[in-house]
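Notes to accompany the following structure.
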């Protein structure tokens, strides 16, 4: 099948290139419309208790968004400051769409700092305002507040912080793409030793960016797409586009040592194309498994991510062969480039692992568990304004409110009661809160202007927003028995609902990922042992990565090198996305390595030999692919949003761990220990494995000056291999496993 695909792409290269060029142009022309449709996406389902209660409160007593100014650096009793604040408040009250203005001097809503050197102005906007009208009014109010005569005036609010998040996300995307693409070009030139070969994966990455914008634009008409989703999906799309393209180009250059360009192209697609297709299916299916969570944010990432992975896979299987067909005579064979990338890191690691497989496997597992240990104290919560860089004014206002105004975070916990405040049982419930939960509640207020028969209680818990105190308060409030219907909402309640929803659905998502892993790797290898081993290794990579993230972000050890301010936790969405991404990318490298190992094993059924030769041959391209995808992830890690930075750093750590200690040491150690059991499957299943349909052409001499070279017999060939003539220069720096095999080879004891 894939050999025929390679032939088709070679014969129809211009129409294929034309189609992808049209996609790129369409993405450049229409993709920008996506940015006008990006919206804030909630993490909770519409049927969660917090969402239902908030919707009901909005219907009963709608409350507009707040614009809050923190005034610092001047004695609050200064007459000049009093006059300046009063004048600003009066002017803002006269603005259309402003419901109420409270400050220290003219209303009950203003607050004074403990040092008498800071105060607040709180402006409530009309809840009926549309999004555009609200944003224009926010800007107008903010501009007037900034004119207050004080050394420092910072303006923030929930909606202002959400806007800042979106704007920062778009900036981070532009910066991340620019850094990643420029760095990739340099690295790919060094890897391939030429600009043309290096440009192919980069061209596919650019096509992937344009195509991603189109796909997400279409998705935005079916569901909400946030700036965060755009960042994460684009990051994944660029990384996999380069990964898959590099694999095919590298295999083409390897085949050029032994074949004419056209035959090398067909063989490259036949061999590596199959691995790319299997990997793409696995990653896309794994991402689609996120939809079981049904949270709006995760749904957008799941659908968008799966679509982008399919796009990257199809581009690698069609555009890359078409471009190779166009430039095949100008792309040198492996080893012919001036700066061609050479590494035997994985081969050396694998050889050491095979010498002492038991101790190596035990040491790696223990080491990864040690890295995972900090995960036991992880604090997963919604990061809200704390995800913004400290240089952002909305973040500064948030920090000032927390530090100076006694936990001023309204609507952190809100209780809706289907009973009026005049009822004795409602007053008894409020007294219970004061008496039983006094240690956790900083302030309790009855919201005014609520229709008869309903009560809304605003509770301010002690501790930080979304902190353990607030979460515990929500759980205790929900557990309290009342003779009337009761709902608990607010930011802390949203976190509790999100955590509980993820906990309920995580086993289902894990089952989806497990099934995908087992089915895909079984179709590749015909074994049920290898897929189960892969699940174990992927799980170790995941928990080790999360442990490192706790140290870097929650403990704050990475603040200085990564330029961020720790808020003492990890974004609640991060572990879920990393679970899917790490399993997907780990499958990526697992497929690359196992495809080559199985190829060697099919030639001669000697597991130890197949593992070493497979890793030796595929190790350089896997290492190169890992370097490229790490560059992409690091490009996004330099952004200002902590939540996106967590994903970028997390994926970087995961790839480094996976490609070195897991694939370089643990995989060969376990496969050596299992030996022939690696390939075991029940008799009923053996017939289901899809063998690679490769109609490889007869090997021919490369169309370059050559001299006979006989490879050492240390690593034997398959019985049907024979000595071939290749350029002597092309073998420079290669390990014996890379060289063409010798005609004689000692028989294997494991055959």
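Read-outs: derived from the displayed coordinates by stated rules, not from any lab. Quantities reported herein were computed from a predicted structural model and do not represent experimental measurements. Positions of Cβ are generated from backbone atoms using ideal geometry, with glycine treated the same way; all protein chains shown enter the neighbour counts.
Which value in Å does the Kirkwood hydrodynamic radius of the stretch 412-557 take, with 1/r averaged over all unlike C-alpha pairs and then inverted? Mind dumping the intermediate values first?
Numbers: mean 1/r = 0.0532 Å⁻¹.
With all distinct Cα pairs of the stretch 412-557 included, I get 18.8 Å.
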Rg/Rg_globular for the stretch 252-371, with Rg_globular taken as 2.2 N^0.38 Å and Rg from C-alpha atoms: 1.48
One would report the antiparallel percent of DSSP beta bridges in the chain, rounded to the nearest 5, as 95
Among 636, 221, which comes first, second and so on when ranked by fewest other beta-carbon atoms within 10 Å? 221, 636
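Kindly identify the stretch 478-596 as rounded, prolate or oblate by the Cα gyration tensor criterion: order the square roots of the eigenvalues as a ≥ b ≥ c, call it rounded if a/c is under 1.5, otherwise compare a/b with b/c, prolate if a/b is larger, else oblate. It would help to have the intermediate numbers written out before the result.
Details: a/c = 3.97, a/b = 1.51, b/c = 2.64.
Oblate, because a/c is 1.5 or more while a/b does not exceed b/c.
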Which whole number in µm²/s is D for the stretch 375-437 by Stokes-Einstein, with the Kirkwood Rh taken over Cα pairs at 20 °C and 1.002 mPa s? 140
Among 148-158, 481-491, 586-596, what's the highest-first ranking by average C-beta atoms within 10 angstrom per residue? 586-596, 148-158, 481-491
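Ranked highest first by the average count of other Cβ atoms within 10 Å around their residues, in what order do 542-554, 504-516 fall? Walk me through the numbers before you get to the answer.
Details: 542-554: 22.9, 504-516: 16.0.
Those peptides, ordered most packed to least, come out 542-554, 504-516.
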Before anything else, pin down the relative contact order of the stretch 412-489: Cα pairs under 8 Å, at least 6 apart, normalised by residue count, whole percent. 45
Would you mind ranking 398, 244 by Cβ crowding within 10 Å, fewest neighbours first? 398, 244
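When only Cα pairs under 8 Å and 6 or more residues apart are kept, what is the percent relative contact order across the chain?
On the way: 1366 pairs, mean separation 140.6, N = 751.
Here the relative contact order equals 19 percent.
For the stretch 1-148, what is the relative contact order in percent, using Cα pairs closer than 8 Å and at least 6 residues apart in sequence? Provide the component values of the computation, followed by the final result.
Details: 138 pairs, mean separation 33.6, N = 148.
Relative contact order comes out at 23 percent.
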Sequence ranges 31-38, 228-235, ranked by mean other-Cβ count within 10 angstrom, highest first: 228-235, 31-38
Please give the calculated 222 nm ellipticity per residue for the chain, where each DSSP H segment of at least 4 residues contributes -39500 (n - 2.57) and the sum is spread over every residue; nearest 500 deg cm²/dmol? -19500 deg cm²/dmol
What Kirkwood Rh does the stretch 66-156 have if only Cα atoms enter the pairwise 1/r average? Answer in Å. 13.0
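For the stretch 20-91, just say rounded, prolate or oblate: build the C-alpha gyration tensor, square-root its eigenvalues into a ≥ b ≥ c, call rounded for a/c under 1.5, and beyond that prolate if a/b exceeds b/c, oblate if not. The partial results should precede the final answer.
Values: a/c = 3.86, a/b = 1.62, b/c = 2.38.
It comes out oblate by the Cα gyration axes.
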Diagonalise the Cα gyration tensor of the chain and give the resulting equivalent ellipsoid semi-axes, square root of 5 times each eigenvalue, largest first, whole Å. 58, 27, 22
Whole number please: convex hull volume per residue, Cα atoms of the stretch 412-489, in Å³. 78
In which sequence would 370, 269 go, from the one with the fewest C-beta neighbours within 10 Å to the one with the most? 370, 269
From the alpha carbon gyration tensor of the stretch 1-139, can you work out the equivalent ellipsoid semi-axes (sqrt of 5 times each eigenvalue) and give them in Å, largest to smallest? 55, 21, 16
